[in-house]
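Colleague: Below is one structure. I have some questions about it.
Readers should treat all values here as calculations from the given coordinates under stated rules, not as data from a laboratory. Predicted model, so just to flag it, every value in this text is computed and none were measured. In this analysis, Cβ positions are derived from the backbone assuming ideal geometry, glycine residues included, and neighbour counts consider all displayed protein chains.
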Amino acid sequence: MAITAGMVKELREMTGAGMMDCKKALTETNGDMDAAVEVLRKSGAAKMEKKQSRIAAEGIARVAVNGNVAVVAEVNSETDFVAKNETFQEFVQTVADTALASDLNGGANGEDIDALLATNGLSELLVEKTATIGEKLSVRRFAKVTGDIVTSYIHGGGRIGVIIAANGATDDAAKGAITNIAMQVAAMNPQYISRNDISDEELAKLREITVDSALNDATTLPKPILNKLIDKAINEKLWSDDDINNFNEHKNNMNYVWNFLSDAAKAKLGELAMADKESIVAEKMFNGLVEGRVSKQLKEICLLDQTYVKAEDGKQSVAKYLESVSKDLTITEMVRFEVGEGMEKKQEDFAAEVAAQMAGV
């Protein structure tokens, strides 16, 4: 049977597959449209299997909300170009909608993905879209929140997806406030809702890292501690003669003296501080420095401690902002997905690729 351009066009519109794939499928099935669709589906499965070793770290996040439940889902593609494709975007929305309608809760590390793909033919749809689009596609993760109020926010065309749940108030003011907080989460990327969400082990690790960082950056230590380290470096000639001379020449201005010393001299102070860690950590003034730095970090990583980005005075915290809206309004869940975070990304050098192709001509 002769395969006409009209038949190819019809099959392409039905499946979204490439023109040559459609022509080949119709030729194989002698023009049987239903059989050609099945061939394309099987071909998609084969293509998907071949692509499994490839890196898919681009893509988009999409959200779905129904009443007091919200879902955010991330689906990856190999290129940013495909992430802008309408067919791909519709598929990601289908993933989010399917997750919302399911009784699955998902998770930031890909929990429940297999169960989700087994829901409502989603796995078969993934195979079909892989064949249509021609890249490896991966349903990476989804998460679900429930509360008296839920809201969602998509930033950067889907690069960041946020969902928030809150309890205690349901009026329009509360809903507006939680929407603002979703934008805050997208912009400021807090790791926790409040300090209470940080385990003792995590807090201890944060403090340990802060202590070692302060000791290694010894030039910022309290002056009494720093002076002892400098005296040791000079008296025991642990610094070069040039560094000792430069220090003595500029020591009257401790804010600038470090500009005249070598990196090796500053590193040596860090080594001395680490060697004397036990006694330095016992110093009250050092602990004050560490606690101040830990507190500053907590204000950055804890949502309620962050400065509210729309604060008129530039100082109001998120906690104070929520309290000004309703004393009963409490954020209970927060999820922020940034596409590709924590994944290895394929590095493409198009200039090198073109050069290589030209060399082979």
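Colleague: Report relative contact order for the chain in percent, whole number only (criteria: Cα-Cα under 8 Å, sequence separation at least 6).
Modeller: 19 percent
Colleague: Helix 86-101 against the longest principal axis of the chain: what's the angle in degrees, Cα atoms only, rounded to the nearest 10?
Modeller: So the helix axis and the longest Cα principal axis differ by about 80 degrees.
Colleague: Treat every Asp and Glu Cβ in the chain as -1 and every Lys and Arg Cβ as +1, leave all other atoms uncharged, and give the resulting dipole magnitude about the Cα centre to the nearest 20 debye.
Modeller: Here the size comes out at about 380 debye.
Colleague: Further question: Compare the Cα positions of T220, V339, A25 along the charge dipole of the chain (+1 at Cβ of Lys, Arg; -1 at Cβ of Asp, Glu; about the Cα centre) and return the one farthest towards the positive end.
Modeller: Looking along the dipole axis, the top candidate is T220.
Colleague: Any idea what Rg and Dmax come out to for segment 56-173 if you just take the C-alpha atoms, in Å?
Modeller: 14.3, 47
Colleague: Through the Karplus equation 6.51 cos²θ - 1.76 cosθ + 1.60, θ set to phi - 60°, convert the phi angles of segment 112-122 into ³J(HN,Hα) values in whole Hz; use x for Gly and Pro.
Modeller: 6, 5, 4, 5, 5, 5, 7, 9, 6, x, 5
Colleague: If you don't mind, there's one more thing I want to ask. Between L126, L304, L261, where does the largest GNM mean-square fluctuation fall for the chain, given springs only between Cα atoms within less than 10 Å?
Modeller: It is L261.
Colleague: With a cap of 15 neighbouring Cβ atoms within 10 Å, and only residues DSSP puts in a loop, list the trypsin sites (Lys or Arg not before Pro) found in segment 269-330.
Modeller: K310, K315, K327
Colleague: Just I280, I163, I331 to compare: in a GNM of the chain, with alpha carbon springs under 10 Å, which one fluctuates most?
Modeller: Highest fluctuation among the options: I280.
Colleague: Also, I was wondering about something else. Once the other residues with Cβ under 9 Å from the Cβ of N167 are scored (Lys, Arg +1; Asp, Glu -1), what is the net sum?
Modeller: So the environment of N167 carries a net charge of -2.
Colleague: List the residues whose amide H sits under 5 Å from the amide H of L221, counting only those 5 or more places along or on another chain, with H placed 1.01 Å from N in the peptide plane.
Modeller: Result for L221 returns nothing.
Colleague: Along the three principal axes, how long is segment 200-301 when you take its alpha carbons, biggest first, rounded to the nearest angstrom?
Modeller: 46, 25, 21
Colleague: Oh, and also: Looking only at S317, S240, S194, which one moves most when the chain is put into a Gaussian network model with springs between Cα atoms under 10 Å?
Modeller: Its mean-square fluctuation being the largest, the pick is S240.
Colleague: Let me ask you something else. Give me, ordered by chain and number, the residues 5 or more places off A169 or on other chains with an amide H under 5 Å from its own placed amide H.
Modeller: T330
Colleague: Now for a different question. Given the options G270, A96, I160, identify the residue whose Cα lies farthest towards the positive end of the charge dipole of the chain (+1 on Cβ of Lys, Arg; -1 on Cβ of Asp, Glu).
Modeller: The listed residue farthest towards the positive side: G270.
Colleague: Still on this structure, I have one more. Which value at 222 nm does the chain reach when only helices count, each DSSP H run of 4 or more adding -39,500 (n - 2.57), with the total divided by all residues and rounded to the nearest 500 deg cm²/dmol?
Modeller: About -16000 deg cm²/dmol.
Colleague: For segment 200-301, what is the charge dipole size about the Cα centre, in debye to the nearest 20, if Lys and Arg each add +1 at the Cβ and Asp and Glu each add -1 at the Cβ?
Modeller: 340 debye
Colleague: Could you run the Karplus curve 6.51 cos²θ - 1.76 cosθ + 1.60 with θ = phi - 60° over segment 173-186 and give me ³J(HN,Hα) per residue in whole Hz, x for Gly and Pro?
Modeller: Values, residue by residue: 4, 5, 4, x, 5, 5, 5, 4, 5, 4, 5, 4, 5, 4 Hz.
Colleague: Residue farthest toward the positive end of the dipole of the chain, with Cβ of Lys/Arg at +1 and Asp/Glu at -1: which of T119, V309, S194?
Modeller: Farthest towards the positive pole: V309.
Colleague: Mind checking the angle between helix 241-250 and the chain's longest principal axis? C-alpha axes, 0 to 90 degrees, to the nearest 10.
Modeller: That works out to roughly 80 degrees.
Colleague: Same structure, new question: If one takes the longest principal axis of the Cα atoms in the chain, at what angle in degrees, from 0 to 90 and to the nearest 10, does the Cα axis of helix 284-301 lie?
Modeller: 20 degrees
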